[in-house]
Every structure is written in structure tokens, then in C-alpha cells.
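Here's the structure we're looking at; comments come further down.
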Amino acid sequence: MSASTAFTTAIVPAAGLGTRFLPTTKAVPKELLPVVDTPGIEYVAAEAAEAGATRLIIVTSPGKDAVADYFRPQPELERTLEARGKTELLAKVRRAPGLLQVETAIQEQALGLGHAVGCAEGNLRGDDEAVAVLLPDDLVLPSGVLTRMAAVRAKFGGSVLCAFDIPREQISAYGVFDVAEISQSTDVGFDPADVKQVHGMVEKPPAAEAPSTFAAAGRYLLDRAIFDALKRITPGAGGELQLTDAIALLIAEGHPVHVVVHRGGRHDLGNPGGFLRAAVDFALEHPEYGPDLREWLRERVGGV
Ligand code: G1P
């Protein structure tokens, strides 16, 4: 299997209550909050499609139908825009439904990220040897890390995760890797120093006990074996069924796990502070809004 065909199915867990965005999330799923004018989940779906996914399984909870609806075509709206000659808007409206084929899996109870991923098992096809998992709270910039991860799976097999080097004082918010440098040569088409073997993984350790400062950053390329491991874990950090614990179980059983260290940027859309940073960052790059915003921010911040 070549790197470019390492996976065709991507899973996006989007079943959370979005408590950090209450009261808005009483009515609007946090995955649909706009980063400038586009929901965060569209960026994540576009990243999956760019890396070769043709199918997106959104794990959602009862009452969050709007997330999957967002990916359905809207013929009436399209006709109206077409009739008015709004071609740019039309392209924007058509983008999400055109990215990949979207289906949903329902997580009835919020039992943790591991449980959410496990809920997608019934949607898998016989030929899904590996699946990508993308957490919609994490924007990883620039895109491309999934393609590098696929190259590493093509070389070493098993599962491959994306790691960020995080300051130790922030590490206890993450799944953390126990890593070793790889001994064999890695002709993976990018800096081999950024590929490491994983000997263990622990969810949200106290900073002093963290095995490294390399943290999981919301991009996973998981061998199908993960679904069996997910059935064998017990509640871990926070009393939840953790994806990290299923990966740790696979490692303990000899399954190869590697990380690709991503040296780019990242936004955490999971809380208002991180979300605002992402929105400002994207808006500053926007041809229409960027110049004004930059000037206003200068004045606003200069006056503090
Ligand atoms: C989840 C994962 C954690 C990972 C993090 C990345 O945690 O459980 O291993 O490092 O996403 O954003 P959460 O942020 O959902 O608590």
C-alpha cells in the first residue's frame, strides 16, 4: 500500500457538549463556530481530504445533527446565489459538501475520546486497514502532517501520531509520548529527525512525571487494531475511556507506534481563548478584513 493510499476513512469526534462555549452551544455546536467565516470542522475536513481521505465519519451526539447537515448540499441556496451571479459565495457554499463523503456515528453518552472513536467501528469498511482520526479542536498548520504520517506508516507499519514539542509547564493538558530515536535509516521524504519511535504514552500526566515534552496534537493514523484495543481499556484520566490508553495497550503488546514531530503552528479551538487567537490569526491573513483589523488592533493594544 503506498503512502498516498494509506487511508481513505477519517474519523472526527464531534460529540462533546461544548461546555466551554456555553451559552452559545445551547443551540450551535462548537464545531460550527466560524473562524472568520468558515466553521473549524471544514478546515479539518479539508485537511483530511487533502491527505487522501474520501470518507469522513463524524461521531456526533443526539441533537447535534447540524454538524453533518453542514456537509449536505443546499440546492435552493445554490440556485439563489447562481441566479444572483454570486459565484464566489457559491463556491464557498459548495466547498464542504464537495470535500468528501460524510456519514455519522452516534455516541449516546459522553464516555471519553476513546469511546467516541470506538463508536465509528460500525461504519468501517472491510478494506479500512487504517483510519485517520482528526480532533476538530486542533488546527495544525500548515496542513500536510497526515501525509508525512502516512509515509511513516508505509515504512514502519502500525500506527503513527502527530507530536508537538510543548513547554513542560503545559504538558499535563495532553497525551504525552515516551519516545526514542529510531536506529534504522528513514527515507521518508522529510527530515528523519522528526520521526521517533514511541515506547509508551500517558494521558495528562503531572508535569514532573511526563516522560517527555512531546504531546499528542489531535492527528492520529491508527491501525485498525485500535478498535480491538478500545474494547479492552478501562476508564483512565478523568474517569474517561481514553484513546491514549488504547494506544498504550497496543504499544505494550508490541504494535509499532511512531510520531511525526510537527514543527509548524497550532490553534486550540476548544476554548474561547484559543478560538479567538485562531480567528484573529486567520482574519489578519484575510484580504478583505486583514488590513483594517491589523490597524485597529495596533490602536486598541497600543492604548492598553
Ligand atoms: C485530547 C487527547 C490528548 C491530546 C489532546 C490534543 O485531550 O485526549 O491525548 O493530547 O486531545 O488536543 P483533550 O484536549 O480532549 O482533553
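If a residue must be crowded, with 16+ Cβ neighbours inside 10 Å, at pLDDT 80 or above and not aliphatic (A, V, I, L, M), how many such residues does the range 170-189 contain?
Looking only at that region, the number is 5.
Residue by residue through the range 202-223, note down the ones that are within 16 Å of the ligand (Cβ to nearest atom) and open to solvent by 20 Å² or more (accessible area, probe 1.4 Å). Once the filter is applied, which keeps residues that are within 16 Å of the ligand (Cβ to nearest atom) and open to solvent by 20 Å² or more (accessible area, probe 1.4 Å), the range 202-223 yields Val202, Glu203, Lys204, Pro206, Ala207, Glu209, Pro211, Thr213, Phe214. Residues of the range 163-175 that are more than 9 Å from the ligand (Cβ to nearest atom) and either without any contact (Cβ under 8 Å) to a residue 40 or more places away in the chain or not aliphatic (A, V, I, L, M) (or both): Asp165, Pro167, Arg168, Glu169, Gln170, Ser172. Among the residues of the range 237-257, those that are near the ligand (Cβ under 10 Å from one of its atoms) and either in a helix (DSSP H, G or I) or without any contact (Cβ under 8 Å) to a residue 40 or more places away in the chain (or both) comprise Ala237, Gly238, Leu243, Thr244, Asp245, Ile247.
When you look at Val160, is it more than 10 Å from the ligand (Cβ to nearest atom), touching a residue at least 12 places away in the same chain (Cβ under 8 Å), surrounded by 18 or more Cβ atoms within 10 Å (Cβ to Cβ) and not basic (Lys, Arg), yes or no? So Val160 fits the description; yes.
If you check Ala27 against the conditions, is it of a type in the set (Gly, Ala, Ser) and without any contact (Cβ under 8 Å) to a residue 60 or more places away in the chain? Yes, satisfied.
Gly264 meets each of the listed conditions (1) more than 16 Å from the ligand (Cβ to nearest atom); (2) exposed (fewer than 14 other Cβ atoms within 10 Å of the Cβ); (3) more than 22 Å from Asp128 (Cβ to Cβ) apart from (1). The residues in the range 267-304 that are aliphatic (A, V, I, L, M) and exposed (fewer than 10 other Cβ atoms within 10 Å of the Cβ) can be counted, and the count is 2.
The values are calculated or read from the model by the stated rules, or taken from the named source; none is laboratory data. The shown structure was predicted, so the numbers you read here are calculated from the model rather than taken from an experiment. Every residue, glycine as well, gets a Cβ built from its backbone with ideal geometry; the counts of neighbours run over all protein chains shown. Ligands, DNA and RNA are stripped out before the accessible areas are found, and what is left, the full protein with its side chains, is counted by its heavy atoms. Shrake-Rupley method; radii C 1.70, N 1.55, O 1.52, S 1.80 Å.
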